[in-house]
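One structure is given here, and the rest of the page talks about it.
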């Protein structure tokens, strides 16, 4: 009996959607666009966070020694570096090896090295910061620790660009939340007005049902189902459009991503499901708001 009742509610909801195709179509498109825009910001923010995470998995810190250091100074610095538990790997790079590596990378500009009176590159240590639980603050801690050592001329670890990149990630996350919240409200408002118009189109039928003693939950159930259907299929459509755009983009730029040794990944299944769930909630809240407005009037 209960199953037949819900089947009736769903059938009435689908009938109303078909009867007002244009109005419900606009509402559905609005929800789809909301999901696409919010999902795009979320997609870029999550991938930017993955870039930082993969970078932290093996952070490289270059330590350049001053020109007047001795073999004893080098051993002393090496031993002090080994004492730091945040450093997982230490590799000494002699200046001759560094120059040879630079020449091999710049073979097309070999003329630059022909007239060099002497090797301009310093001896250096290449450090790897431990990946387990590392944060950007720990990388800076290691850099500051090394900078204070006697015999160290300069420490390079990409601090400036990483700091800016972290700021961009923060801005993307805020934009995702802001855009998601804005389009959430817009979608709720549009769904509310759509359900309200559908309700008024059946005003006479609703009044008759009330006269014969039908409960309010029985009368309003098809309209709540309308909202849920609009929200669910709007979220599904938005996710599908976003995924097709992602596949097209990554297919055309596959060589670029391979060169960067970074895979641009789509939203996780949990995130996509959560966005569809929120979209369904938007539809339900739209119907709820519609009936709240009716009561207040």
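For every residue, the table says whether it meets (1) buried (at least 19 other Cβ atoms within 10 Å of the Cβ); (2) in the same structural domain as residue 15 (by TED's automatic domain parsing); (3) over 30 Å from residue 38 (Cα atoms).
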position: 183; (1), (2), (3): yes, yes, no
position: 186; (1), (2), (3): no, yes, no
position: 189; (1), (2), (3): no, yes, no
position: 194; (1), (2), (3): yes, yes, no
position: 204; (1), (2), (3): no, yes, yes
position: 210; (1), (2), (3): no, yes, yes
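Looking at 151, 235, 180, can you tell me which residue is under 17 Å from residue 286 (Cα atoms) and modelled with pLDDT of 80 or more?
Working: 151 fails: under 17 Å from residue 286 (Cα atoms); 180 fails: modelled with pLDDT of 80 or more.
Only one candidate passes the filter, namely 235.
So, in segment 244-295, exactly how many residues are in a helix (DSSP H, G or I), at pLDDT below 70 and more than 26 Å from residue 17 (Cβ to Cβ)?
If we filter segment 244-295 for residues that are in a helix (DSSP H, G or I), which is where we start, we get 244-252, 254-259, 269-295.
Cutting the leftovers down to at pLDDT below 70 gives us 252, 254-259, 293-295.
Next, only the ones that are more than 26 Å from residue 17 (Cβ to Cβ) stay: 252, 254-259.
Qualifying residue count, segment 244-295: 7.
What number of residues within segment 154-164 are at pLDDT 70 or above and touching a helix residue (DSSP H, G or I) at 6+ places or on another chain (Cβ under 7 Å)?
2
Looking at segment 81-90, can you tell me whether even one residue there is modelled with pLDDT of 85 or more, in contact with a strand residue (DSSP E or B) (Cβ under 9 Å, 6 or more places away or on another chain), in a helix (DSSP H, G or I) and surrounded by 14 or more Cβ atoms within 10 Å (Cβ to Cβ)?
Yes, segment 81-90 has at least one match.
The values are calculated or read from the model by the stated rules, or taken from the named source; none is laboratory data. Quick caveat: nothing in here was measured; it's all calculated off a predicted structure. Cβ sites come from the backbone with ideal geometry, for glycine too, and all protein chains shown count toward neighbours.
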